[in-house]
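The values are calculated or read from the model by the stated rules, or taken from the named source; none is laboratory data. Owing to the predicted nature of the structure, the values given are computational and were not obtained by experimental measurement. Cβ: placed from backbone, ideal geometry, glycine included. Neighbour counts: every protein chain shown. For accessibility, only protein heavy atoms count, side chains too; no ligands or nucleic acids. Shrake-Rupley method; radii C 1.70, N 1.55, O 1.52, S 1.80 Å.
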Amino acid sequence: MASLFGHAFIAISIGTSYAKKLRSLKFWLLGIFCAILPDADVIGFSFEIAYQDFWGHRGFTHSFLFAFIVGIFMTLLFYSKALWSLKGLSYILFFFLCTASHSILDAMTTGGLGVAFFAPFDNTRHFFSWRPIQVSPIGVKNFFSEWGLKVIISELIWIVIPCLAYIVSSKFIKNILKK
């Protein structure tokens with residue numbers, strides 16, 4: 001998996017695409033929460049759920065269906081008045097993208113068993129053929145180690161720099177379109 005920081009940074013960059021009137025502290029915090037949420041499945045290790053199982057790590061909670069359900073649920077829970085409008089669809093899309101981005105990043109890491117993008121219809125685990133992101137260790141203690149430093153460097157190169165480029169170019173394009 002990518003680190004929580006990498007996942008959060010993706011949500012922030014996605015959010016910059018949205019109009020200022022939609023963005024609030026709640027918007028940002030919920031987007032970051034959605035980007036991190038799929039890794040709640042690591043609790044399964046405590047219940048002896050095998051990594052490769054449907055409910056195992058990178059299983060159903062990393063699927064696109066789960067991301068879609070989260071998008072609807074978050075909008076219903078926090079923006080219910082806007083649910084049946086274009087604004088509501090924008091929120092659903094934002095929360096879906098933040099949640100789905102987690103799986104996409106994980107499929108670009110150097111470790112694990114892959115991601116069940118299409119669960120529950122197909123529990124096959126997938127990786128992308130290009131996997132430049134150093135897999136993050138599970139657990140805070142393991143993160144603050146030489147391995148964790150390698151993860152941070154990897155994510156600076158493969159997540160932060162591209163996201164910053166996206167944010168800057170998005171802002172530039174918005175400014176041109178305003179003129």
For the stretch 5-139, with the dipole built from +1 on Lys and Arg beta-carbon atoms and -1 on Asp and Glu ones, taken about the Cα centre, which of 7, 101, 77 lies farthest toward the positive end? 77
Sum of side-chain charges, residue 62 neighbourhood, beta-carbon under 14 Å (Lys, Arg +1; Asp, Glu -1): -3
Two pseudo-spin positions, 7 Å from Cα along C-beta at residue 170 and at residue 29, lie apart in nanometres by 2.1
Partnerless Cys - the chain, beta-carbon criterion under 4.7 Å: 163
Per residue, in Å², the accessible surface of the chain once ligands and nucleic acids are set aside, probe 1.4 Å: 56
Per-residue counts of other Cβ atoms within 10 Å, averaged by peptide: what ranking do you get for 119-132, 24-37, highest first? 24-37, 119-132
Name the residues whose placed amide hydrogens come within less than 5 Å of the amide hydrogen of residue 126, ignoring near sequence neighbours (fewer than 5 apart) on the same chain. 115, 116, 117
Carbon/sulfur fraction of accessible area - the chain, other protein chains in place, 1.4 Å, %: 74
Excluding residues on the same chain fewer than 8 positions from residue 171, give the lysines whose Cα lies under 17 Å from its Cα. 20, 21, 179
Please work out, to two decimal places, the log10 of the ratio I(q)/I(0) at q = 0.14, 0.23 Å⁻¹ from a Debye calculation in which every Cα of the stretch 7-133 carries one identical scatterer. -0.60, -1.26
With x for Gly and Pro, the residue-by-residue ³J(HN,Hα) of the stretch 114-125, computed from phi through the Karplus equation 6.51 cos²θ - 1.76 cosθ + 1.60 at θ = phi - 60° and given in whole Hz, is x, 10, 8, 3, 10, 5, x, 6, 8, 8, 4, 8
Would you compute, for the Cα atoms of the stretch 115-179, the largest minus smallest coordinate along each principal axis and list the three values in descending order, in whole Å? 48, 38, 21
Quick one: Karplus J couplings for the stretch 8-13, per residue in order, coefficients 6.51, -1.76, 1.60, θ = phi - 60°, nearest Hz, x for Gly and Pro? 5, 5, 4, 4, 5, 5
Nonlocal amide H pairs with residue 111, under 5 Å, H built at 1.01 Å: 135
Considering just Cα atoms, how many Å³ per residue does the convex hull of the stretch 71-179 enclose? 164
Tell me, what HN-Hα J-couplings in whole Hz come from the Karplus equation 6.51 cos²θ - 1.76 cosθ + 1.60 at θ = phi - 60° for each residue of the stretch 25-32, using x for Gly and Pro? 4, 4, 4, 5, 5, 5, x, 5
Principal axis dimensions, largest first and in whole angstrom, of the stretch 31-105 by Cα: 42, 21, 18
Using only the Cα atoms of the stretch 48-88, build the gyration tensor, take square roots of its eigenvalues as a ≥ b ≥ c, and label the shape rounded, prolate or oblate: rounded if a/c is under 1.5, else prolate if a/b is larger than b/c, else oblate. prolate
